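The values are calculated or read from the model by the stated rules, or taken from the named source; none is laboratory data. All values reported here derive from a predicted model rather than from experimental measurement. Because the Cβ atoms are built from the backbone with ideal geometry, glycine has one as well, and the counts that use them run over all protein chains shown. Calculation scope for accessible area: heavy atoms of the full protein, side chains included, ligands and nucleic acids excluded. Shrake-Rupley method; radii C 1.70, N 1.55, O 1.52, S 1.80 Å.
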There are 2 protein chains.
Amino acid sequence: MTAQVDQLSGVFAALADPTRRAILARLAAGEATVTELAEPFTVSLPAISKHLKVLERAGLITRGRNAQWRPCRLRADPLGDAAGWLEDYRRFWESSFDRLDDHLREIQKGQ
Amino acid sequence: MTAQVDQLSGVFAALADPTRRAILARLAAGEATVTELAEPFTVSLPAISKHLKVLERAGLITRGRNAQWRPCRLRADPLGDAAGWLEDYRRFWESSFDRLDDHLREIQKGQ
């Protein structure tokens, strides 16, 4: 393995944090500045900036060029790549739900 | 934030490695022992064991009780949870693809 992280690994790693996922959820409602993004969190502005750098490296956000505001914008294509990878496993989790359905039906029959 | 990682973060973190994703792909074809899982990789058996521990903590695999073989099995429900989280963003990546489609149509028109 090289030290360079493949793109998909970078996306999954970026999603492995509740604050970063909350930032993406906020950006789904429209672009926002770092200060606006930091508001709902108890973490510091530098901590939010660090999270934004991780999201930016993973290609999940872009930042405006205006030096003062640099609003952040969601870039969802890498989320589509991640969803595409997971899609191959759908039959497995759907069959688990089916098993649960069967189990619940059995329980109801017994009542 | 507590030191305990929330379940969804644990799943995304477990997926943020190409070897771990390859192990899950292998287990999608059926259960396998650690030795069988290690075969296609150049990494050591202890390194594979470490990856398996990450996958097990994330709830993505279960291991048999037979002390000697302890075959690994895929547990896909947490992948369904991860896909469910990503699903909320589908409209964003689909609209990006739409924009690409429009762009390609424009190029074709111009030829």
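Using a Förster radius of 30 Å, what is the FRET efficiency between A:Ala47 and B:Arg57 based on their Cβ-Cβ separation? Nearest 0.05, please.
Using R0 = 30 Å, I get an efficiency of 0.75.
Since chains A and B are linked by a rotation, which residue in A has the beta carbon closest to its axis, and how far is it in Å?
That would be A:Phe12, 2, residue then distance in Å.
Other chains near B:72-81: what is the mean number of their Cβ atoms within 10 Å of each residue's Cβ?
4
Any idea what the A:Leu45 label distances to the other copies are, label 7 Å down the Cα→Cβ vector, nm, shortest first?
5.5
How many partner chain Cβ atoms sit within 10 Å of a residue's Cβ in peptide A:85-95, on average, as a whole number?
Mean shielding by partner chains, rounded to a whole number: 6.
Taking a cut-off of 13 Å between Cα atoms, list the aspartates and glutamates near A:Lys109, but don't count ones fewer than 8 places away on the same chain.
A:Asp101
Quick query: amide H of A:Ile61 versus all other amide H atoms, modeled in the peptide plane; which residues come in under 5 Å with a sequence gap of 5 or more or a different chain?
Residues meeting the criterion, in which the H sits 1.01 Å from N, are A:Glu56, A:Arg75.
For segment A:58-66, take each phi angle, set θ = phi - 60°, evaluate the Karplus expression 6.51 cos²θ - 1.76 cosθ + 1.60, and give the result in whole Hz per residue in order, putting x for glycine and proline.
In residue order, the calculated couplings are 7, x, 8, 9, 10, 10, x, 8, 4 Hz.
What does the accessible area of B:Thr33 come to, in Å² to the nearest 10, when a probe of 1.4 Å is used?
Probe radius 1.4 Å; accessible area of B:Thr33 about 20 Å².
In Å², rounded to the nearest 100, what is the total accessible surface buried by chains A and B against each other with a 1.4 Å probe?
2600
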